[in-house]
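> The structure follows.
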Amino acid sequence: MPANNILVTGGAGYIGSHTCKVLAESGYRPVVYDNLVAGHEWAVKWGPLEIGDIADRDRLDEVIEKYQPSAVLHFAAFAYVGESVENPGKYYRNNVADTLTLLETMSDHDIDKLVFSSTCATYGEPLQVPIAEDHSQNPINPYGMSKLMVEKMIKDCGSAYGLRSITLRYFNAAGADPDGDIGEDHNPETHLIPILLDVAAGKRLHVTVFGEDYPTYDGTCIRDYIHVTDLGQAHVVALQELERLETLRVTCSPARAYNLGNGQGFSVKEVIEAVGEVTGKTIPVQIGERRPGDPPILVGDATRICQELNWQPQYKDLKAIIETAWQWTRKRERLNL
């Protein structure tokens, strides 16, 4: 089999599918491995789709033997903060225990390169902003804790099995493929920008702002929004770095992790205003109670990956990010997806 096969777990999901497009454009063949619980078959356009669960060792063995991938990009996970607070067992079972099955399968098949999709939720309440990679990791919800536990497992696998890995901790993914090929589609949708765009499109009556009494300049949470294509580019850059290290026969440090963000934060109210300006629509707002597990401010410092791997986000303007998502919202409606 060609050496450019890359196994992409969760590749039918939002970030995974956008990364698959960047992989294909970079000369790789993404092999999507997804159970389609949250992913979409229509989002798999740049390589084969193999339906399976990362908990299924026999199915993993079958797919890996068929394609002999040289590396794994691991996106498959549950990712709803609120749900993780209500049902932590679901998150520890899927995100942690099932990832252990994947790691053991990789080791048994001598796959020694892994790019892991982690999250800024591993940091918890920030002690300083913007958040750098050496910030203490004290998650305040089970979702963040599950990702931190996987980070620790990956480090241990690096020490035990020689696994080369890069962990990418990203902030709020947003936007859609600029060409309109794919975009964001969750059920239920909990991300702010697509909810606002649904309001603008007439699919929702209003948006609920969860708390306006946070210790921020306008009382609403502040987040760092990064375009999903920029995230995809970062995963490919990380993969290429692992390949470079393999060529040089250099072991990747088990502590290697990078933040992915734009380094600037926008409050919920600012995002609402920006969506109104991009769409030309009025966005009705209702104020609700705070959600458990929501830190007031999450803004990332991505200096390290910019300096070490020469990655640079191309979409730094919030309105430009929203515009790509708005284009996708209107196309999705036409296609009835």
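The values are calculated or read from the model by the stated rules, or taken from the named source; none is laboratory data. In this text the structure is predicted, and so the values were computed from the model without any measurement. Don't worry about glycine lacking a Cβ; one is built from the backbone with ideal geometry, like all the others, and counts go over all protein chains shown. When the accessible area is computed, the model is the full protein with side chains, heavy atoms only, and any ligands, DNA or RNA have been set aside. Shrake-Rupley method; radii C 1.70, N 1.55, O 1.52, S 1.80 Å.
> Could you list, in sequence order, the residues of the range 39-76 that are over 12 Å from Arg29 (Cβ atoms), assigned to a helix (DSSP H, G or I) and either open to solvent by 70 Å² or more (accessible area, probe 1.4 Å) or in contact (Cβ under 8 Å) with a residue 24 or more places away in the chain (or both)?
Of everything in the range 39-76, those that are over 12 Å from Arg29 (Cβ atoms), assigned to a helix (DSSP H, G or I) and either open to solvent by 70 Å² or more (accessible area, probe 1.4 Å) or in contact (Cβ under 8 Å) with a residue 24 or more places away in the chain (or both) turn out to be Glu41, Trp42, Ala43, Arg57, Asp58, Leu60, Asp61, Glu62, Val63, Ile64, Glu65, Lys66.
> To continue, here is another question. Condition check: in contact with a Phe, Trp or Tyr (Cβ under 7 Å, 6 or more places away or on another chain), part of a loop (DSSP other than H, G, I, E, B) and open to solvent by 10 Å² or more (accessible area, probe 1.4 Å). Does Gly202 satisfy that?
Considered against the rule, which asks whether it is in contact with a Phe, Trp or Tyr (Cβ under 7 Å, 6 or more places away or on another chain), part of a loop (DSSP other than H, G, I, E, B) and open to solvent by 10 Å² or more (accessible area, probe 1.4 Å), Gly202 comes out as no.
> Any residue in the range 106-128 that is among the aromatic types (Phe, Trp, Tyr) sitting within a Cβ distance under 8 Å of a residue that is surrounded by fewer than 16 Cβ atoms within 10 Å (Cβ to Cβ)? List the pairs, counting only those 6 or more apart or interchain.
Tyr123/Ser136; Tyr123/Asn138
> Of everything in the range 18-38, what is buried (at least 18 other Cβ atoms within 10 Å of the Cβ) and in a helix (DSSP H, G or I)? Give them in sequence order.
Result: His18, Thr19, Cys20, Lys21, Val22, Leu23.
> In the range 77-93, what count of residues is obtained for those that are open to solvent by 20 Å² or more (accessible area, probe 1.4 Å) and either touching a Phe, Trp or Tyr at 6+ places or on another chain (Cβ under 7 Å) or not in a helix (DSSP H, G or I) (or both)?
Residues that pass the stated criteria total 7.
> Another one. I need the full set of residues from the range 163-198 which are over 24 Å from Gly144 (Cα atoms) and open to solvent by 30 Å² or more (accessible area, probe 1.4 Å), in order please.
Pro178, Asp179, Asp181
> Could you tell me whether the range 262-269 includes any residue that is farther than 23 Å from His135 by Cβ and not aliphatic (A, V, I, L, M)?
yes
> Criterion first (open to solvent by less than 30 Å² (accessible area, probe 1.4 Å), in contact with a Ser or Thr (Cβ under 7 Å, 6 or more places away or on another chain) and not polar (S, T, N, Q)) does Leu7 satisfy it?
no
> Does Gly144 meet the test of being open to solvent by less than 30 Å² (accessible area, probe 1.4 Å) and within 23 Å of Tyr91 (Cβ to Cβ)?
yes
> Mind checking which residues of the range 276-296 are hydrophobic (A, V, I, L, M, F, W, C) and in contact with a strand residue (DSSP E or B) (Cβ under 9 Å, 6 or more places away or on another chain)?
Within the range 276-296, Ile283, Val285, Ile287 meet the criteria.
> Quick one: how many residues across the range 300-322 are open to solvent by less than 60 Å² (accessible area, probe 1.4 Å) and over 30 Å from Gln137 (Cβ atoms)?
Counting residues in the range 300-322 that are open to solvent by less than 60 Å² (accessible area, probe 1.4 Å) and over 30 Å from Gln137 (Cβ atoms) gives 2.
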